[in-house]
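These notes are about the structure you will find just below.
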Amino acid sequence: MRPAEKVIITTAITGSVNIPSQSPYLPLSADEVADAALEAIEAGSAVVHLHAREPDGRPTADPAVFEKIVGRITAQTDAVVNITTGGASSMTMDQRLAAARELKPELASMNMGSMNFVYSGIAGKVTDWKHDWEKPYVLNTYSNPFVNTFDRIEDTLRTLGAAGTRFEYECYDIGHLYSLAYFADLGLAKPPLLIQGVFGVLGGIGADHANLEHMVRIADKLFGDDYYFSAFAAGRDQLSFGTHSAWLGGHVRVGLEDSLWIGKGQLAESNAQQVRKIRAVVEDLGKPIATPADARAMLALRGGNA
């Protein structure tokens, strides 16, 4: 791992997993997502990772919605905008790529393989559904996988890469590191790599701290110092995994996409609240927080957003 001289805080603002019935604080409309991103940036987030939703919370791939969110962020800040290519498992590949193709961000996420990405368990915890679409949406993940085949990964690396986009490589299991090594050997995944270890998603590697250290060991074996590492765990382990990543010399990711909580039994009221909490932890470790300019320099980003 290339040690982080300064720690990049990425905030995943809304995602496509959590639903409105789980929390009244989840940003939904384009304006809500943009407002939440701006608050997170002010709190210290150098990177904002973006999904988009309809006003009722239904995930959308519409580039026009993304454009409205991104436009407000780039007009008011110099933060790094990271647009998802994962979208939601219910979307086609063309839908998932539409916003990144049109907006050509300097950073985009890249899920490193097909997998069972299951969050049907949400249905067992919700008793008051706000929208008719929510329950079938989450239950659908029990029988339908998230698909990202090698040809799709290669095509995305080539097409978005040609536009100057670099990638946050989301690795949900150890095998995803080896998949990334394959594309690095082809010269399509170019160092310095940003590896985002994702823990605690049903169907992927579990939220066990031994797994985090194992992922770093394998990444060290495969990539040496050609990569930066960041980690998060879904749900209640979000803060502890961010802390562990920073302690190991990596970066951190928080946000309501990954966890709706700020403490045991306490819903986070904003993304910024989570940013402030992880920032305090990182600074208590004696590590400075990266600015957007610092993040661009470390990750070899081109500068400037869509």
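The values are calculated or read from the model by the stated rules, or taken from the named source; none is laboratory data. Every value quoted in this text rests on a predicted model; they were computed, and no experiment measured them. As a convention, Cβ positions derive from the backbone with ideal geometry for all residues, glycine included, and neighbour counts pool all protein chains shown. Areas reflect the complete protein model, heavy atoms only, side chains present, ligands, DNA and RNA absent. Shrake-Rupley method; radii C 1.70, N 1.55, O 1.52, S 1.80 Å.
Quick notes on this structure:
- Length-normalised contact order for the chain - Cα pairs under 8 Å, 6+ apart - percent: 26
- Annotation: amide H-H contacts under 5 Å for ARG53 (H modelled 1.01 Å from N, sequence separation of 5 or more, or interchain): THR60.
- Summarised in one figure, the compactness ratio Rg/Rh of segment 1-42, Cα atoms and Kirkwood Rh, is 1.12.
- For THR127, the solvent-accessible surface computed with a 1.4 Å probe is close to 140 Å², ligands and nucleic acids excluded.
- Nearest-10 value in Å² for the accessible area of ASP155, using the 1.4 Å probe: 70
- Estimated FRET transfer efficiency (ALA163, HIS209; beta-carbon r; R0 45 Å; 0.05): 0.75
- Overall, segment 154-306 carries a charge dipole of about 360 debye about its Cα centre when +1 sits on the Cβ of Lys and Arg and -1 on the Cβ of Asp and Glu, all other atoms neutral.
- The alpha-carbon of LYS68 sits under 20 angstrom from the alpha-carbons of these lysines, leaving out residues fewer than 8 places away in its chain: LYS104.
- Within straight-line cross-link reach of LYS277, lysines at Cα separation under 25 Å, skipping those fewer than 8 residues along the same chain: LYS6, LYS264, LYS287
- Accessible area expressed per residue, the chain, with surrounding protein chains retained (probe 1.4 Å, Å²): 40
- The heavy atoms of THR84 offer some 10 square angstrom of accessible surface to a 1.4 angstrom probe.
- Separation between Cα centres of segment 151-217 and segment 7-76, rounded to whole Å: 23
- For segment 57-182, share of DSSP beta bridges that run antiparallel, in % to the nearest 5: 10
- Placing dummy labels 7 Å off each Cα toward the beta-carbon, the span from ALA300 to ASN116 is 3.7 nm.
- A Cβ-based charge dipole, computed about the Cα centre of segment 45-115 with Lys and Arg at +1 and Asp and Glu at -1, lands at about 60 debye.
- Largest to smallest accessible area among ASP185, ASP94, ASP31 [probe 1.4 Å]: ASP185, ASP94, ASP31
- The antiparallel fraction among DSSP beta bridges confined to the chain stands at about 15%.
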